[in-house]
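K.L.:
The structure that follows is given in the form of structure tokens.
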Amino acid sequence: MTRVAVSGLGVVSPYGAGVKTFWAGLSTGECAIRPLTVIDTEGFRSRIAAEVPADVIGGLGVSRRRSRADRLALAAAREALADADLSPRDRTDMALIVGAVGGGMLEGEAWYWDEALHPGPSPKIGALRSILPASHSEVIGWRLGLGGPRETVVMACASGAASIAFGADLIRSGATPLALAGGVDAITRICFMGFNALKLLDPEPCRPFDRGRRGMSIGEAAAFLVLEDAEHCRRRGGRSLGEVLGAGVTTDAHHVTAPHPEGEGMIRAMREALAAAGREPGDVGYVNAHGTGTLQNDRVEALAMARVFGEGRVLVSSTKSLVGHTMAAAGSVEAAATLLSLQHGLIPPTANLRDPDPDVPFDCVAQTARSVEVEAALSNSFGFGGQNVSLIFGR
Amino acid sequence: MRSGRRVVITGMGSVSAAGAGGTPAVADALARRPATIAPVAAFELDGCASHLAAEVDEARFMALLDPDSVRRLSRICRMTLAACRTAVQEAGLGGGTRLGLVVGSEHGDFRSGGEFVDGFLRRGPAGLSPLTFPSTVMNSMAAVAGIAIDAKATSVTLNQETVAGDLAVARAVALITDGRAEAVIAGGVDELFSHVYRNLARLGALSPMGGGAPEGCRPYATDHNGPVLGEGATFVVLEEREAAHARGAAILAEILGAAWGAIPVAPHTAPARRRDARAIARRALDQAGIGAGSLARCYGSGNGDPALDDWELRLLEADGVRDPVSLAPLFGQHGGLGALRVAAAALDARAGSAPALVHGIARGGCRTALVIGQAA
Amino acid sequence: MTQKEVLDELKALIVERLKFDPSRAAEMTLETTLPRGVEGSLGLDSLDFIELSVAMEERFGIVIDEAESLADDFLSLDTLSRFVLSKVK
């Protein structure tokens, strides 16, 4: 049976460019959530986010004419491909699956604001050419010469994880030996305003699984994984950073924003992932939670994890406490975090967790990273619209 | 298919400028070929170089819906809902953890996005409507339809210009052959929205793109000068073949081959000389076990965009396929068009025709190929 | 404000913000129940209630703390209009 290795990794995060910088931030438990600068936040209750610093964006080596999200995506994709050390011929067959939601909306908004507030047509209209989520796949596919199946998956907060699940599927089915899969999202006014309007944002940095948690923090990032047929990787002398053991992709079909109150779809996603991986719940040592810090998500996710694993039977932590909720990138950023945890034998902490919610029956690795060797770890991503993805990684 | 699972088509639901309903409505539209492209009625286009579109009659899709249950749904969500519900009702398919959904769209719900930010631009933070925000993410159509048809397996939203519907069907086939679902409702949707229409025209993406020929949709013709937009939602019901047989479903056709890939060219370009190193159409034909010469016809994605038409003709020629047929003059370019081509091929198969190739190529290089024929 | 005045404002908000057909306003009385799952109610869900809360805050100049348990207050137009009156005072 085909096994799917991860042979390359690339990340641009609020900590900076590169996987090393990402891991340094996670392992030291540094919270990257700060006052927002890239958009005007006047009059809003929550005015913070985990933003990629301006000098980092400038240093990515991607043209300033590209949208912010395209720049993040291309830089992360390039790092992943360079990491995998593939030949040009390999790239011809390589699939490209991008999880995206905002696309180039930040620049599109600037144009729209311009036309709304000033008379006459705005010269910024060129921004519309890269506004759609599919823009990233076009830029990456072209720049990196990728000719395999190409898809842009828009599944809200689960997009980045779904892309990895589908990339792995393509390899297992034999459609292609290689897939570049990941997600990207840049800060946008619409996302910031929307979550504020829904009162889902904490005015302070989010506190997942804390008794006093009051909501999410937004972030931005891009992360891409090179997925490869393990045999193909071995034959060419490639290096494996870990394995995608299995994935579950389910839908609540319950409500457009609220999760099923008993986590029905979440439970199914986790169980499907375990079944696909041929693993028992006891084989999983760590869950990288969706863990947004909202009252509802954390409660329901904890319930679901308890049903699947048993209370207290896995270590849990939320990467969103460190780099915010990076939207379409979250699933792939957190997949990267999970792989790195396995590789280094170190579980990144849940930041800002001072008073654990007694209704969350798990050790959520409060504030300090934990040294633990784990054989398999699961990463959850649960999106608006009841989209649930659970990925299981092995060493 | 590698897994041994085979995929059949057991129903459809469609809302388009040519009508609304299940298989009979689609068959009727294809047979009668009503004139659907006309000057846009729904909004003003003063000062715009383009004026034509294939518009949907509101009353037609509202007739398929219960007004109370769609109270706060955006227009594009309503169209999606009408088409999806019609499709599952026609196929007699129940929901549950083995039913999936794939929705392709080119532009999603920009109408709701505009409404949402307009609230802020008019009145600041107090002007924002929490109710509208969920609709600003492109997966809202799938979320709404999924709840209505109880699609609890994998549900996916795909964004892609020109071939969103084709990609959705290809992705749905993969979900079934990979075992993520036993049945999948797959297709695409887009709506006409004044801002999107105007700005596409401003960017030179609509007919008339240049030259002296009048505005209109003339795919593959020597005087083609750009696409004409349409709107609507079309979904086909795909099922794993054994499961369809077991429940006694009426099978219209089988998907004999499905392949997709990309030709890595610069975004928004369609360079006629670029070849497809992976010969996507050939792959789909090989999966189907037939040669190009055995095809009854090819439904192409060409929509009158001159560069895209020309590129498609050359790519098809390289794979031994000639004289593609376009449905863009009947339905207009929109996310549902690829699913309409799949539907047309399925109806041909039902009528006893030899297999058809449903081919798609978009600017930027996304390419799809589906071979649809009679179910054995 | 009187309860009748509050009721009329609430009906206007429900039509405008929750996208009910204007003709439904005539049928709404103090007895009209709101939450989904209650027989004969308007069928409002959590998203509707968030929208309504935001609209009420703006229209009546009140503050609604989402941490409070508001299920009883949002049961009917009677309980909701009393809730508004208690906040306005």
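The values are calculated or read from the model by the stated rules, or taken from the named source; none is laboratory data. These numbers were taken from a predicted model, which means no experiment stands behind them. Cβ coordinates were reconstructed from backbone atoms using ideal geometry, including for glycine residues, and neighbour counts include every protein chain displayed.
K.L.:
Filtering region A:229-259 down to residues that are charged (D, E, K, R) and away from chain B (no Cβ under 14 Å), which residue is nearest to A:Arg89 (Cα to Cα)?
P.N.:
Among those residues, the one meeting the criterion is A:Arg236.
K.L.:
Also, I was wondering about something else. Looking at C:Glu31, C:Glu58 in this structure, which one is over 11 Å from the mean Cα position of the chain (by Cα) and more than 10 Å from chain B (Cβ to nearest Cβ)?
P.N.:
Unique residue meeting the criteria: C:Glu31.
K.L.:
Quick check on my filter: what residues within region B:330-353 are touching a Ser or Thr at 6+ places or on another chain (Cβ under 6 Å), more than 14 Å from chain A (Cβ to nearest Cβ) and not in a helix (DSSP H, G or I)?
P.N.:
The one that is touching a Ser or Thr at 6+ places or on another chain (Cβ under 6 Å), more than 14 Å from chain A (Cβ to nearest Cβ) and not in a helix (DSSP H, G or I): B:Gly336.
Here is a yes/no grid of residues against (1) under 30 Å from B:Thr86 (Cβ atoms); (2) assigned to a strand (DSSP E or B); (3) at pLDDT below 95:
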residue: B:Pro219; (1), (2), (3): yes, no, no
residue: B:Thr234; (1), (2), (3): yes, yes, no
residue: B:Pro267; (1), (2), (3): no, no, no
residue: B:Ala281; (1), (2), (3): no, no, no
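K.L.:
Quick one: is A:Leu274 closer than 17 Å to A:Asp169 by Cβ and part of a helix (DSSP H, G or I)?
P.N.:
yes
K.L.:
Which of the following residues is away from chain A (no Cβ under 11 Å) and either hydroxyl-bearing (Ser, Thr, Tyr) or surrounded by fewer than 24 Cβ atoms within 10 Å (Cβ to Cβ) (or both): B:Leu313, B:Leu308, B:Leu327?
P.N.:
Checking each option against the conditions leaves just B:Leu313.
K.L.:
Six or more apart or on different chains, Cβ under 6 Å: which pairs go from a residue in region C:26-47 that's without any contact (Cβ under 8 Å) to a residue 40 or more places away in the chain to one that's surrounded by 13 or more Cβ atoms within 10 Å (Cβ to Cβ) and polar (S, T, N, Q)? Could you list them?
P.N.:
Going by the 6 Å Cβ cut-off, the qualifying pairs are C:Ser41/C:Thr33; C:Leu47/A:Thr257.
K.L.:
With touching a residue at least 12 places away in the same chain (Cβ under 8 Å) and buried (at least 24 other Cβ atoms within 10 Å of the Cβ) as the only criterion, which of A:Ala127, A:Ala73 stands out?
P.N.:
The match here is A:Ala73.
K.L.:
Then there's this: Would you be able to say whether some residue in region B:247-256 is buried (at least 24 other Cβ atoms within 10 Å of the Cβ) and either of a type in the set (Lys, Arg) or modelled with pLDDT under 95 (or both)?
P.N.:
Checked region B:247-256: no residue is buried (at least 24 other Cβ atoms within 10 Å of the Cβ) and either of a type in the set (Lys, Arg) or modelled with pLDDT under 95 (or both).
K.L.:
Within region B:36-81, which residues are of a type in the set (S, T, N, Q), surrounded by 15 or more Cβ atoms within 10 Å (Cβ to Cβ) and within 14 Å of chain C (Cβ to nearest Cβ)?
P.N.:
B:Ser74
K.L.:
Which of the residues belonging to region A:72-120 are within 14 Å of another protein chain (Cβ to nearest Cβ), part of a helix (DSSP H, G or I) and either among the polar types (S, T, N, Q) or under 21 Å from the mean Cα position of the chain (by Cα) (or both)?
P.N.:
Result: A:Ala73, A:Leu74, A:Ala77, A:Leu81, A:Thr92, A:Met105, A:Leu106.
K.L.:
Identify all residues within region A:312-343 that are farther than 23 Å from A:Ala165 by Cα and in contact with a helix residue (DSSP H, G or I) (Cβ under 9 Å, 6 or more places away or on another chain); write none if there are none.
P.N.:
Passing the criteria: A:Gly312, A:Arg313, A:Leu322.
K.L.:
Inspect region A:321-335 for any residue being under 20 Å from the mean Cα position of the chain (by Cα) and of a type in the set (D, E, K, R) and give the result as yes or no.
P.N.:
yes
K.L.:
Now a separate question. Going by what's in this entry, would A:Ala110 be described as surrounded by 24 or more Cβ atoms within 10 Å (Cβ to Cβ) and out of contact with any Gly (no Cβ under 8 Å at 6 or more places or on another chain)?
P.N.:
So A:Ala110 does not fit the description; no.
K.L.:
Would it be correct to say that A:Leu81 is under 15 Å from A:Gly145 (Cα atoms) and touching a helix residue (DSSP H, G or I) at 6+ places or on another chain (Cβ under 9 Å)?
P.N.:
Yes; evaluated as a whole, the condition is true for this residue.
K.L.:
Applying the selection to region A:323-379, what residues are within 28 Å of A:Val226 (Cβ to Cβ), of a type outside the set (D, E, K, R) and touching an Asp or Glu at 6+ places or on another chain (Cβ under 7 Å)?
P.N.:
A:Thr326, A:Met327, A:Ala328, A:Ala329, A:Gly345, A:Ala376, A:Ser379
K.L.:
A follow-up question, please. For the list (1) within 23 Å of the chain's Cα centre (by Cα); (2) within 30 Å of B:Gly11 (Cβ to Cβ); (3) surrounded by 24 or more Cβ atoms within 10 Å (Cβ to Cβ), I need the number of the one condition that B:Ala244 fails.
P.N.:
That leaves (1) as the condition not met.
K.L.:
Which residue is farthest from the chain's Cα centre (by Cα), if the candidates are limited to region A:56-71 and must be over 25 Å from A:Cys206 (Cα atoms) and part of a helix (DSSP H, G or I)?
P.N.:
For region A:56-71, the residue satisfying everything is A:Gly58.
K.L.:
Among the helices (runs of 4 or more DSSP H) confined wholly to region A:130-218, which include 1 or more residues that are in contact with a helix residue (DSSP H, G or I) (Cβ under 9 Å, 6 or more places away or on another chain), under 23 Å from B:Gly360 (Cβ atoms) and away from chain B (no Cβ under 13 Å)?
P.N.:
In region A:130-218, no matching helices (runs of 4 or more DSSP H) lie anywhere.
K.L.:
Take B:Ala164 and tell me if it is assigned by TED's automatic domain parsing to the domain that holds B:Glu231, more than 15 Å from B:His107 (Cα to Cα) and in contact with a strand residue (DSSP E or B) (Cβ under 8 Å, 6 or more places away or on another chain).
P.N.:
Judged against the criteria, B:Ala164 is not a match.
K.L.:
Tell me which residues, restricted to region B:150-169, are crowded, with 24+ Cβ neighbours inside 10 Å and facing another protein chain (nearest Cβ under 8 Å).
P.N.:
The answer is B:Ala151, B:Lys152, B:Ala153, B:Thr154, B:Ser155, B:Val156, B:Thr157, B:Leu158, B:Asn159, B:Gln160, B:Leu167.
K.L.:
B:Arg123 versus (1) facing chain A (nearest Cβ under 7 Å); (2) more than 25 Å from B:Gly11 (Cβ to Cβ); (3) not small (Gly, Ala, Ser): which is the lone unmet condition?
P.N.:
So the condition that B:Arg123 fails would be (1).
K.L.:
Now for a different question. Could you pull out the residue among C:Glu66, C:Glu51, C:Glu57 that is closer than 30 Å to A:Asp202 by Cβ and either at pLDDT below 90 or touching a His at 6+ places or on another chain (Cβ under 8 Å) (or both)?
P.N.:
Result of the check over C:Glu66, C:Glu51, C:Glu57: C:Glu66.
K.L.:
With B:Gly226, B:Gly188, B:Gly146 as the choices, which residue is buried (at least 22 other Cβ atoms within 10 Å of the Cβ), part of a strand (DSSP E or B) and among the small types (Gly, Ala, Ser)?
P.N.:
Sole residue among the options that is buried (at least 22 other Cβ atoms within 10 Å of the Cβ), part of a strand (DSSP E or B) and among the small types (Gly, Ala, Ser): B:Gly188.
K.L.:
List, please: which pairs have Cβ atoms under 9 Å, are six or more places apart or on different chains, and start with a residue in region B:99-118 that is farther than 18 Å from B:Tyr197 by Cα and end with one that is part of a helix (DSSP H, G or I) and charged (D, E, K, R)?
P.N.:
Listed pairs, sorted by first residue: B:Val102/B:Arg171; B:Gly104/B:Asp166; B:Gly104/B:Arg171; B:Val117/A:Glu109; B:Val117/A:Arg189.
K.L.:
Quick one: is B:Gly114 more than 7 Å from chain A (Cβ to nearest Cβ), more than 21 Å from B:Ser69 (Cα to Cα) and not hydrophobic (A, V, I, L, M, F, W, C)?
P.N.:
For B:Gly114, the condition - more than 7 Å from chain A (Cβ to nearest Cβ), more than 21 Å from B:Ser69 (Cα to Cα) and not hydrophobic (A, V, I, L, M, F, W, C) - is met.
K.L.:
Quick one: B:Thr157 ticks every box in (1) touching a strand residue (DSSP E or B) at 6+ places or on another chain (Cβ under 8 Å); (2) assigned to a loop (DSSP other than H, G, I, E, B); (3) not hydrophobic (A, V, I, L, M, F, W, C) except a single one, so which number is it?
P.N.:
All conditions pass for B:Thr157, except number (2).
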